[in-house]
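Worksheet for the structure shown next.
The values are calculated or read from the model by the stated rules, or taken from the named source; none is laboratory data. The model shown is predicted, which means the values in this text are computed figures rather than measured ones. Positions of Cβ are generated from backbone atoms using ideal geometry, with glycine treated the same way; all protein chains shown enter the neighbour counts. Ligands, DNA and RNA are stripped out before the accessible areas are found, and what is left, the full protein with its side chains, is counted by its heavy atoms. Shrake-Rupley method; radii C 1.70, N 1.55, O 1.52, S 1.80 Å.
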Amino acid sequence: MKIAVLPGDGIGPEIVAQAVKVIDALRSDGLAIEMEYAHIGGAGYDAAGDPFPAVTEKLAKEADAVLLGAVGGYQYDNLPRPQRPEQGLLRIRKGLGLFANLRPAMVYPELVYASSLKPELVSGLDIMILRELTGDIYFGQPRGIRTLDSGERQGFDTMHYSESEIRRVAHVGFQIAMKRNKKMCSVDKANVLDTSMFWREIVTDVAKEYPQVELSHMYVDNAAMQLVRAPKQFDVILTGNIFGDILSDEASMLTGSIGMLPSASLDANNKGLYEPCHGSAPDIAGKDIANPLATILSVAMMMRYTFANDEVAQRIETAVRKTLQQGLRTGDIAEAGMHKIGTTAMGDAVVAAL
Ligand code: IPM
Ligand code: MG
């Protein structure tokens, strides 16, 4: 197994270092894993003047899986768009065809109190958000800032989804639902957007191939409300790129901290990029206080989805559970009376539990 490791910016290098410790522990147990590092985001810009340098692209394409930390930092905020760190992320997603983004929102019993919602609303919560990742208004052309005939300036973007893009992600959604509680809610804005009307039509058509899955549709504004009103009504949420971006951040808070949320971005052959859902958090970078668990749990997802090794995936997840049961907490999930530890100590604790 060859993993491309792209730590990126901000807290990226610190949290990835903890995940790498976990991988190293698995290696010393005999798992054949090779790792090679490269730059992405601001680190790519610093090293090569490009947030997605050619060497990084080559490595990512050759590897079986990619482990990514996070991109972005204040010092890059005023660069022209093509050089900005986020472009590195968007280009690696697009370039590798990683159209299926799995963002599970699970509430650990140990962290129920950390949620912003009442315990009875979130305890036992287990949602899988499937976000389409390589289409939508994120990549639609034309886009830009133009001057109208009237002389007024105007910003514009284009939202579109082609049938094949919707079909392939819908299939992934139904297949995930088949392995879970067989319920899928497709989220769109079909009461206003033509793109969404089409999305709904195609998802409904794909559903015919999965008669055991109960499919429902919901408008995105209602879904945003339902997620904080009664989140346990959801099993799999299937949605487009921009709605998924927003809803997955919202769902993360139900679990107590965005520092707990892993993700997998898969291509048609289950090759994947694995990254925490949170960003580079430059305000806390280098302080050894960031929560590395989302990144460590992303390695578990890598074992499950790309390397089809459920046993190792579960071993990592159990180790994370054990550290939480021991009362160990990084600041974002700590409560009075808990043993507050830093990034490195949390990584060490997970390795010990492994
Ligand atoms: C995410 C992030 C990215 C996105 C940004 C950093 C480009 O918010 O992974 O959710 O919008 O997809
Ligand atoms: Mg986001």
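Some observations on this one:
- Trypsin sites (Lys or Arg not before Pro) lying in DSSP loop within the range 158-232, provided at most 13 other Cβ fall within 10 Å: K208
- Only the Cβ atoms of Lys and Arg (+1) and of Asp and Glu (-1) were treated as charged; on that basis the dipole of the range 268-354 about its Cα centre amounts to roughly 120 debye.
- In the range 112-208, the GluC sites (Glu not before Pro) that fall in loop regions by DSSP, at most 15 other Cβ within 10 Å: E152
- In a DSSP loop and with at most 13 other Cβ atoms within 10 Å, the GluC sites (Glu not before Pro) in the range 297-354 are E335.
- Percentage of interatomic Cα-Cα distances in the range 1-160 larger than 23 Å: 56 percent
- Whether the range 45-106 is rounded, prolate or oblate, judged on the alpha carbon gyration tensor where a/c under 1.5 counts as rounded: oblate
- Dividing the radius of gyration of the alpha carbons in the range 242-354 by their Kirkwood radius gives 0.98 for Rg/Rh.
- The fraction of accessible area contributed by carbon and sulfur in the chain is 52 percent, rounded to a whole number (1.4 Å probe; ligands and nucleic acids excluded).
- Accessible area of the chain divided out per residue, in Å², using a probe of 1.4 angstrom: 42 Å²
- Each Cα pair under 8 Å and six or more residues apart adds its separation to the average, and for the chain the resulting relative contact order is 21 percent.
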